[in-house]
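Worksheet: one structure, shown below.
The values are calculated or read from the model by the stated rules, or taken from the named source; none is laboratory data. These figures come from a predicted structure and were not determined experimentally. Neighbour counts run over all protein chains shown; Cβ positions are idealised from the backbone, glycine included. For accessibility, only protein heavy atoms count, side chains too; no ligands or nucleic acids. Shrake-Rupley method; radii C 1.70, N 1.55, O 1.52, S 1.80 Å.
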Amino acid sequence: MITAWTASARRSDPRMTQAQTQAMRQDTAASNAFAIELRGISKAFGPVQANKDISIRVRRGTIHGIVGENGAGKSTLMSILYGFYRADSGEILINGQQTDIPDSLSAIRAGVGMVFQHFKLVENFTVLENVILGAEAGAMLRPSLAKARGLLKDLAREFELNVDPDALIENLSVGHQQRVEILKALYREADILILDEPTGVLTPSEADHLFRILRGLKEQGKTIILITHKLREIMDVTDEVSVMRRGEMVATRTTSETSPTELAELMVGRKVLLRVEKTPAMPGPEVLRVEGLRLVDAQGVERLRSIGFALRAGEIVGIAGVAGNGQSELLEVLAGLRPAEGQAWMKGAPLPLSGPDCDAQARRARRIAHVPEDRHRRGLVLNFHAWENTALGYHNDDAYNPSPWKMDNAAIIRDTQAKMAAFDVRPPDPQLKASGFSGGNQQKIVLAREIEHTPEVLLVGQPTRGVDIGAIEFIHQRLITLRDAGAAILLVSVELDEILSLSDRIIVMFDGRIMGERAPDQTNAQELGLMMAGMA
Amino acid sequence: MSRGRIPHWADVTLVPLASVFLAFVISGILIWAIGESPWAAMKLMVEGAFGSSYGWGYTLFYATNFIFTGLAVAVAFQARLFNIGGEGQALLGGLGVALVCLYIPWPHWSLALIAASLGAAVFGAGWALIPGYLQAKRGSHIVITTIMFNFIAASLLGYFLVNVLRPQGAQDPSSPRFPSETALPKLHEILGVFGIPFSTVPPVNISLLIAVGMCFAVWFMLWRTRLGFQIRAFGESEPAAEYAGISPVRITVYVMLISGALAGLMAVNSVMGEQQRLVLNAVEGAGFIGIAVALMGRNHPFGVFLAAILFGFLYQGGAELALWTGIPRELIVVIQALVILFTGALDNMVRIPIARIFAMRGAR
């Protein structure tokens with residue numbers, strides 16, 4: 001997330017030359033074909049230039065994709081368009097009219113609606129109440145509710161946007177909640193809809209449904225901006241696509257005339273391997289076995305139901321599933337962070353799943369390492385230096401504790417330097433705080449720490465979440481190398497592509513259960529998607 | 001999220017100094033408003049606290065108290081535990097000191113000092129252990145429990161003084177005087193060994209050296225040992241500590257033991273070093289001042305040392321002010337409160353403008 005501290009009062013001069021300005025004026029008449037036109041938008045947060053002189057035109061009645069790595073400036077740009085930030089310089093034109101957007105209310109008034117990645121809904125309100133929230137006409141609710149109910153009915157008929165208007169948000173699936181967000185925007189008469197990473201939380205079939213809705217909206221003349229980092233979605237649904245890299249708009253392409261490979265190259269600025277190169281696995285003996293694993297959370301909800309599987313040395317087993325179906329809990333149980341019922345064995349010897357000998361230290365002693373899903377919350381102490389983070393979890397190691405009462409900080413720093421070199425962490429500065437590294441480099445610090453201790457079992461959650469493409473490639477290669485060195489890897493990811501390309505076996509989870517196992521070369525995203533939705 | 005980036009050195013020096021400056025400016029306006037000269041008052045305070053070895057002696061004596069209680073709060077805060085119970089823990093520490101000094105005959109002050117320090121630390125730690133355990137095992141919030149334990153400690157001490165320790169026939173709820181063998185060497189005696197003259201009046205004593213030693217010990221513990229690493233990791237992020245296999249229960253209990261022991265040690269200075277007997281208000285609010293000292297010292301042992309000197313100055317200078325001018329005693333408390341308010345509660349008020357200045361310089 002970008003820190004919102006007050007930017008300097010620095011305002012760069014309008015960078016457009018006179019000729020450019022004139023050229024733009026000349027085609028103002030033609031620009032009515034554009035729902036949105038941004039000219040020379042720049043935005044700096046202190047020394048960080050989040051957006052540099054960005055110009056983009058979005059044709060009315062099209063779906064326009066914006067792709068870019070994390071930190072490329074996509075969200076900043078959309079936040080400027082929605083009135084969350086003010087640009088340091090540049091102009092915003094909506095339907096050919098120059099528009100000032102100081103806050104989100106002005107954006108709504110100008111016909112811009114936004115569907116956020118993290119929904120902004122009141123959980124214990126009904127769908128209808130959420131839709132009218134903030135847009136009530138008058139002090140009494142009844143007329144607004146009646147109006148909204150009628151409108152919702154129309155929208156549901158037109159666009160497959162069917163949601164029960166009287167359902168409570170907390171009882172809706174994520175896909176339905178997202179529809180409510182779209183309805184909210186449409187109720188406010190948005191002509192231009194911005195969706196920020198809309199499919200991150202959806203199953204493949206829910207995503208397909210969303211795309212049908214978007215196409216329907218497009219046919220009704222709405223303009224849609226789709227922010228994503230998934231190239232497949234761009235290819236599927238957009239008409240045009242703009243690529244951002246390091247705060248700059250590097251290219252705009254007609255979708256039908258480009259390819260994922262070209263887009264990936266534009267995003268990263270060099271050639272990228274989209275497929276992971278690996279040799280077939282040569283699984284060795286069984287390392288970890290789990291039987292009858294059951295977890296009931298504090299609310300009495302059964303999170304894991306009779307889970308059983310085995311991991312063998314030298315293989316990667318991927319666990320596919322929509323977020324929230326027990327994969328995270330499974331990782332936590334195996335890593336010793338949560339007690340559970342059931343039995344487990346590590347190389348034939350029992351592994352306690354509850355009781356005093358069940359914590360993360362005990363697991364590490366049994367050579368089970370863990371790269372947690374949430375590196376900001378668990379994997380790193382953000383306020384610690386990189387070297388302190390390298391000792392996290394291994395702070396009892398003999399190498400770090402030559403005497404019983406003093407930690408050898410110098411030894412840890414030397415070790416951190418070696419690990420940083422091995423994993424190409426940038427900048428290779430052990431004294432830098434973890435919060436000062438980019439997402440990809442933070443993840444490399446965590447991976448270096450866990451992998452360099454040569455574990456026999458590595459539990460990995462979302463290894464490339466929020467990581468840029470260049471680092472993804474590197475991380476995937478490291479995991480394959482570790483596998484080929486004979487480690488057993490359990491991979492949990494919500495990115496189906498990642499599961500498909502890395503795993504030697506795929507286990508699908510739904511509602512705390514294992515739905516089945518597939519070999520990656522004998523299945524496809526459609527079949528897995530059905531299993532992830534509990535339909536196979 | 002909206003925290004400005006300030007260079008570390010500025011965060012630890014510029015921000016507290018600016019806060020103190022603001023507090024002094026407003027205090028000056030107050031003094032001016034009641035018809036006194038702020039300039040003369042300031043001069044009197046500085047001269048009263050630092051102008052003579054007499055003034056220094058008192059300033060350092062108060063500072064010793066505040067170092068102990070400030071360290072107690074700072075250590076607990078490194079684990080993000082807010083120990084408000086320094087007052088009660090120090091009272092119990094006083095009881096520990098009194099029992100050791102009264103009931104065991106000591107041939108020499110040095111042995112008495114070691115035993116009394118142990119007694120103070122054990123009693124203080126014991127008093128912090130209960131809230132610590134309740135927090136760790138039961139989730140009872142430590143702020144609430146430690147506050148409540150202050151009241152219990154005061155009542156407990158009252159009981160002990162009235163019913164157990166009070167000599168037959170005495171009207172005053174206090175213990176008998178400690179035997180003279182337990183009297184601690186004063187600073188003027190210690191400096192006298194090196195031929196440095198120092199006022200014989202102030203009660204500043206060898207505890208000051210223990211306090212300074214404790215600053216180093218706490219720093220070493222926090223940044224050079226495994227326990228300190230675990231405490232800081234736990235404080236910065238409990239989920240990450242759990243992931244690292246650091247037991248929250250164990251760390252919470254350990255930290256509260258250390259914190260309580262440090263608060264308890266304060267009694268060595270005030271009970272054994274100054275009064276030579278245990279009285280009802282032996283701690284005189286130093287437990288609470290410790291919170292301000294830790295806040296201002298950024299929960300760092302060396303910061304605590306400097307902040308403790310500042311508060312020692314406020315105490316001693318304030319006493320001089322009350323003695324020699326028409327400024328009422330209450331206004332001194334207001335000045336101290338302003339310093340606490342600005343350095344503690346209004347920290348961001350100063351930090352944000354300073355961050356802005358740095359951001360502007362950085363952009364240029």
Fill in: Dimensionless Rg over Rh [segment B:192-299; C-alpha; Kirkwood]
1.08
Discussion item. Using Stokes-Einstein with the Kirkwood hydrodynamic radius over Cα pairs, what translational diffusion coefficient do you get for segment A:375-453 at 20 °C and a viscosity of 1.002 mPa s, in µm²/s rounded to a whole number?
Written reply: 174 µm²/s
Fill in: Which of A:ASP100, A:ASP374 is most accessible, then next, and so on - probe 1.4 Å
A:ASP100, A:ASP374
Worksheet, complete the sentence: Given backbone amide H placed at 1.01 Å from N, residues whose amide H is under 5 Å from that of A:LEU193, ignoring those fewer than 5 places away on the same chain, are A:GLY113, A:THR223, A:ILE224, A:ILE225
Practice prompt. Take segment B:239-364, compute every pairwise Cα distance, and split them into 5 Å bins from 0; I just need the percent in each bin.
Written response: 2, 8, 12, 15, 16, 16, 12, 8, 6, 4, 2, 1, 0
Worksheet item: Taking all pairs of different Cα atoms in segment B:86-181, averaging 1/r and flipping that mean, what Kirkwood radius in angstroms comes out?
Response: 14.4 Å
Practice prompt. Using amide H atoms built 1.01 Å from N in the peptide plane, name the residues 5+ places from A:MET515, or on other chains, whose amide H lies under 5 Å from its own.
Written response: A:VAL508, A:MET509, A:PHE510
Worksheet item: Which value in Å does the Kirkwood hydrodynamic radius of segment A:459-536 take, with 1/r averaged over all unlike C-alpha pairs and then inverted?
Response: 13.3 Å
Worksheet item: Okay, which of segment A:163-184 sit inside 15 Å, backbone N to the point 7 Å along the Cα-Cβ direction of A:LYS153?
Response: A:163-166
Worksheet, complete the sentence: The answer for the net charge of residues other than B:GLY51 whose Cβ lies under 13 angstrom from its Cβ, with Lys and Arg +1 and Asp and Glu -1, is -1
Fill in: Projected label distance in nm at B:LEU346 and A:GLN477, using a 7 Å step from Cα toward the beta-carbon
5.7 nm
Fill in: Extension gain, A:PHE125 back to A:LEU168 (0.36 nm per residue minus Cα-Cα distance, nm)
14.9 nm
Worksheet entry | Potential extension, A:SER306-A:ASP429 segment - 0.36 nm per residue separation minus Cα distance | 39.7 nm
Practice prompt. Calculate how large, on average over all directions, the projected area of the Cα convex hull of segment B:72-278 is; give the answer in nm² to one decimal.
Written response: 13.0 nm²
Fill in: Rule-of-thumb Rg ratio for the protein assembly as shown [Cα; 2.2 N^0.38 Å; N residues]
1.14
Worksheet item: Across peptide A:356-368, how many C-beta atoms of other chains are within 10 Å of each residue C-beta, on average?
Response: 2
Worksheet item: How large are Rg and Dmax for chain A when only the alpha carbon atoms are used, in Å?
Response: 25.3, 78
Discussion item. Looking at the calculated P(r) for segment A:403-536, what percent of the C-alpha pair distances fall above 24 Å?
Written reply: 41 percent
Worksheet item: Taking the Cα-to-Cβ direction at A:ARG86 and at B:VAL164 and moving 7 Å from each Cα, how far apart do the two end points lie in nm?
Response: 6.7 nm
Item to complete: Please turn the phi angles of segment B:271-281 into ³J(HN,Hα) values with the Karplus equation 6.51 cos²θ - 1.76 cosθ + 1.60 (θ = phi - 60°), one per residue in order, whole Hz, x for glycine and proline.
Response: 7, 7, x, 9, 7, 6, 6, 9, 10, 4, 9
Item to complete: Take every Cα pair under 8 Å in segment A:30-268 that's 6+ residues apart, average their separations, divide by the length, and report that relative contact order as a whole percent.
Response: 28 percent
Worksheet item: How do the peptides A:380-392, A:103-115 rank, highest first, by the average count of neighbouring beta carbon atoms within 10 Å per residue?
Response: A:380-392, A:103-115
Fill in: Fraction of alpha-carbon pairs over 13 Å apart in segment A:326-367 - percent
48 percent
Fill in: By average C-beta atoms within 10 angstrom, highest first, the peptides B:161-169, B:343-351
B:343-351, B:161-169
Worksheet item: Over the Cα atoms of segment A:30-268, how large are the radius of gyration and the largest Cα-Cα distance (Dmax), in Å?
Response: 17.7, 55
Worksheet item: Roughly how crowded by other chains is peptide B:217-227, in terms of the mean Cβ count from those chains within 10 Å of each of its Cβ atoms?
Response: 3
Response to the item:
Averaged over residues of A:380-387, the number of beta carbons from other chains lying within 10 Å of each residue's Cβ is 4
Worksheet, complete the sentence: Scoring only Lys, Arg, Asp and Glu (+1, +1, -1, -1) among other residues with Cβ under 14 Å from the Cβ of B:ILE130 yields +2
Worksheet item: With the contact rule set at Cα under 8 Å and sequence spacing of 6 or more, what percent relative contact order holds for chain B?
Response: 36 percent
Worksheet entry | the protein assembly as shown: calculated mean residue ellipticity at 222 nm from DSSP helix runs of at least 4, using -39500 (n - 2.57) | -15000 deg cm²/dmol
Worksheet item: In angstroms, what radius of gyration and Dmax does chain B have, counting Cα atoms only?
Response: 21.2, 76
Fill in: Kirkwood Rh in Å, taken over segment A:161-308 so that all alpha-carbon pairs contribute
19.2 Å
Worksheet item: Which helices count as membrane-span-like in chain B under these terms: full DSSP H, at least 30 Å along the axis by C-alpha, Kyte-Doolittle mean of 0.0 or more?
Response: B:53-78, B:109-133, B:301-324
Fill in: Taking the C-alpha atoms of segment B:23-83, convex hull volume expressed per residue in Å³
112 Å³
Item to complete: Pop the C-beta distance of A:ARG59 and A:ASP497 into the FRET formula with R0 = 22 Å and round what comes out to the nearest 0.05.
Response: 0.15
Worksheet, complete the sentence: Counting sequence-distant residues (5 or more places) and residues on other chains, those with an amide H built under 5 Å from that of A:LEU288 are A:LEU311, A:LYS347
Response to the item:
Expressed as a whole-number percentage, the relative contact order of segment B:72-278 with C-alpha contacts under 8 angstrom and at least six residues apart is 40 percent
Discussion item. Can you give me the accessible area per residue for chain A, using a 1.4 Å probe, in Å²?
Written reply: 44 Å²
Worksheet item: Which net charge results when you count Lys and Arg as +1 and Asp and Glu as -1 among the other residues whose beta-carbon is under 9 Å from that of A:ASP497?
Response: 0
